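Visitor: Got a structure here, written out as structure tokens. Questions coming.
Just so it is clear, none of the values below were taken in a lab; they were calculated from the coordinates. Note that this is a predicted model, so its numbers are computed, not measured. Note that each Cβ is placed from the backbone with ideal geometry, even for glycine, and that neighbours are counted across all protein chains shown.
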Amino acid sequence: MRSLLFVPADSEKKLARGLDSGADALILDLEDSVAPDAKPAARAGALAFLRAHAPRAGRPRLIVRVNALETGLTDADLDAVVAGAPDAVMLPKAEGGPSVLHLDAKLTAREAVHGLADGAIAIVPIATETAAALFVGGSYRGASRRLTGLTWGAEDLSVELGSETNRDAAGRFTGPYRLARNLCLAAAAAARVQAIDTVYVDFRNADGLRAEAEEARRDGFTAKMAIHPAQVAVINEVFTPSPERIAEANRVVAAFAAHPGAGVVAIDGVMFDQPHLAKARQVLARAKAAGMA
């Protein structure tokens with residue numbers, strides 16, 4: 001996945017637009033973008049959408065963001081949507097491995113009820129939305145075989161910290177939020193799952209989005225969430241390896257293949273070692289996933 005687009009599950013119009021957006025995944029939202037009184041309608045809308053589109057070939061991945069465990073709404077969300085066999089559930093306000101295990105158990109019971117394979121539904125936690133969450137990122141490692149990615153959020157964390165803003169005058173995240181971002185990246189790497197960057201809320205600012213996405217890619221994120229269909233094309237472009245990077249990665253892999261057992265190879269006077277080979281293979285895997293190689 002390169003792009004994950006949030007879509008309110010109570011809006012048929014926005015759900016339909018999401019399918020045409022080019023996003024690699026749609027996040028059917030039952031949480032922040034849905035008013036409390038609209039939750040039942042959103043659950044019904046999510047289930048109808050899943051039943052209509054989950055069986056289709058070539059569709060984007062379908063993820064449901066449920067309400068946080070502490071709200072008491074998660075069970076009702078899962079009761080409604082597991083029957084539609086979403087690809088994954090996004091868990092907001094997660095606080096480490098115990099939160100994942102809690103959700104894992106809930107999913108296991110409901111998969112059995114609906115005749116789904118155990119573990120069919122993956123879990124993607126939002127790992128930085130509470131202050132406590134910042135201290136437990138390392139506990140995601142090995143928590144559940146369902147864990148497939150980690151992402152982070154700044155808006156709820158801003159409320160909890162009491163910040164006046166989470167970005168400076170230039171539009172960059174301030175210190176506490178850059179810390180949260182970096183902890184998410186490290187937690188994802190430790191857990192060997194995909195690191196997914198947070199949303200860029202100024203959806204009319206394509207240049208700002210591109211700059212933030214490029215910075216995230218540089219540091220190790222491999223995808224970014226979006227809040228508007230107009231953001232998807234930029235995100236997909238940034239997180240798709242360029243032809244130049246693919247060509248360089250192929251050269252590195254070929255050089256090591258030509259010298260089996262070598263720890264270091266030289267290409268045009270530049271030395272490449274095993275970490276370079278691992279990075280090259282990562283680039284080629286992302287290119288293949290994007291249909292580029």
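Visitor: Answer with a single label: of (i) 33, 22, 20; (ii) 39, 31, 18; (iii) 41, 21, 14, which was calculated as semi-axes √(5λ) of the Cα gyration tensor in Å from the structure in view?
Guide: Computing semi-axes √(5λ) of the Cα gyration tensor in Å and matching it to (i) 33, 22, 20; (ii) 39, 31, 18; (iii) 41, 21, 14 gives (i).
Visitor: When the dipole is taken about the Cα centre of segment 19-69, and only Lys, Arg (+1) and Asp, Glu (-1) are charged at their Cβ, what size is it in debye, to the nearest 20? Write down the numbers at each step before the final one.
Guide: Details: 7 positive and 6 negative charges, 61 e Å.
In total the dipole reaches around 300 debye.
Visitor: Evaluate the distance, in nm, between pseudo-label points positioned 7 Å from the Cα of GLU164 and of THR71 along their respective Cα→Cβ axes.
Guide: About 3.0 nm, to one decimal.
Visitor: How far is helix 243-258 tilted, in degrees, relative to the longest principal axis of the Cα atoms in the chain, given as a value from 0 to 90 rounded to the nearest 10?
Guide: 60
Visitor: Let me ask another. Using the Cα centre as the reference, give the magnitude of the dipole from point charges on the C-beta atoms of the chain (Lys, Arg: +1; Asp, Glu: -1; all else neutral), rounded to the nearest 20 debye.
Guide: Numbers: 33 positive and 35 negative charges, 190 e Å.
Computed about the Cα centre, the dipole is about 920 debye.
Visitor: Select from ALA257, VAL283, ALA247 the residue farthest towards the positive end of the dipole of segment 243-289; place +1 on Cβ of Lys and Arg, -1 on Cβ of Asp and Glu, and compute about the Cα centre.
Guide: VAL283
Visitor: Once both labels are modelled 7 Å past Cα along the beta-carbon direction, what's the ASP219-ARG192 spacing in nm?
Guide: 2.5
Visitor: For n ≥ 4 DSSP H runs only, could you compute -39500 (n - 2.57) per run for the chain, divide by its residues and tell me the 222 nm figure to the nearest 500?
Guide: On the way: 10 runs with 125 residues, N = 293.
That calculation yields -13500 deg cm²/dmol at 222 nm.
Visitor: May I ask you to derive the FRET efficiency for ALA285 and ALA211 from their Cβ-Cβ distance with R0 = 22 Å, giving the value to the nearest 0.05? Walk me through the numbers before you get to the answer.
Guide: On the way: r = 25 Å, r/R0 = 1.16.
Step by step, r from the Cβ atoms, then E = 0.30.
Visitor: Next up: Give, in nm to one decimal, the length gained when the segment between ARG59 and ALA41 is fully stretched (0.36 nm per residue of separation minus the Cα-Cα distance).
Guide: That pair, ARG59 and ALA41, stretches by 4.1 nm at full extension.
Visitor: Testing the spin-label approximation: label points 7 Å from Cα along Cα→Cβ at ILE267 and GLU155. State their distance in nm.
Guide: Here the answer is 4.2 nm between the modelled labels.
Visitor: Hey, another quick one. Give me the extension gain from SER242 to PHE135: residue separation times 0.36 nm, minus the current Cα-Cα distance, reported in nm with one decimal. Before the final figure, lay out the partial values.
Guide: Working: separation 107, 0.36 × 107 = 38.52 nm, distance 3.59 nm.
Computed gain between SER242 and PHE135 is 34.9 nm.
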